[in-house]
Amino acid sequence: KDIPQMKIMYFKDLQEGMTKFHQGTVRSGQLVSSEGNLVIIGDVNPGGEIIANGNVVVMGSLRGMVHAGADGNREAFVAALNLEPTQLRIADVITRSPDTKENRTAIVPEMATVKDNMVFIERFLQRDI
């Protein structure tokens, strides 16, 4: 019996691959890493560290350090329901949070990618949840 091939319609050029899922909060001093993509179902607290050779998706608040594309892949991305990392790195491109904190009351889903050798952050839903 042939299995029908699914078409990727929403994420153009998104390559599937090995993905690790971590359920629960990543606490200060804790490291979660993956040779492929990494999905955190929970929050990443300040002092928590996330490292993946592929993409990183956080289904919660990302307030710790994150490194996507750790093997040099500048096509990797970081997405979170609340993106406020202390440091965000994609391949060899690094950025950090501004010194002034923005008081957010609503969830603002955002995605970080590399464009023109800089980390570019944009909302990935048209409206706040």
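Miscellaneous remarks
- Out of T86, T100, T105, T95, one residue alone is at pLDDT 95 or above and of a type in the set (S, T, Y). It is T86.
- Residue among L38, L14 that alone is modelled with pLDDT under 95 and surrounded by 12 or more Cβ atoms within 10 Å (Cβ to Cβ): L14
- Condition broken by F77, with the remaining ones in (1) closer than 15 Å to T113 by Cα; (2) aromatic (F, W, Y); (3) open to solvent by 50 Å² or more (accessible area, probe 1.4 Å); (4) modelled with pLDDT of 95 or more satisfied: (3)
The values are calculated or read from the model by the stated rules, or taken from the named source; none is laboratory data. Not measured: the values here are computed from a predicted model. Here Cβ is always computed from backbone atoms with ideal geometry, including for glycine, and neighbour counts include all displayed protein chains. Protein only, heavy atoms only, side chains kept; ligands, DNA and RNA dropped before computing areas. Shrake-Rupley method; radii C 1.70, N 1.55, O 1.52, S 1.80 Å.
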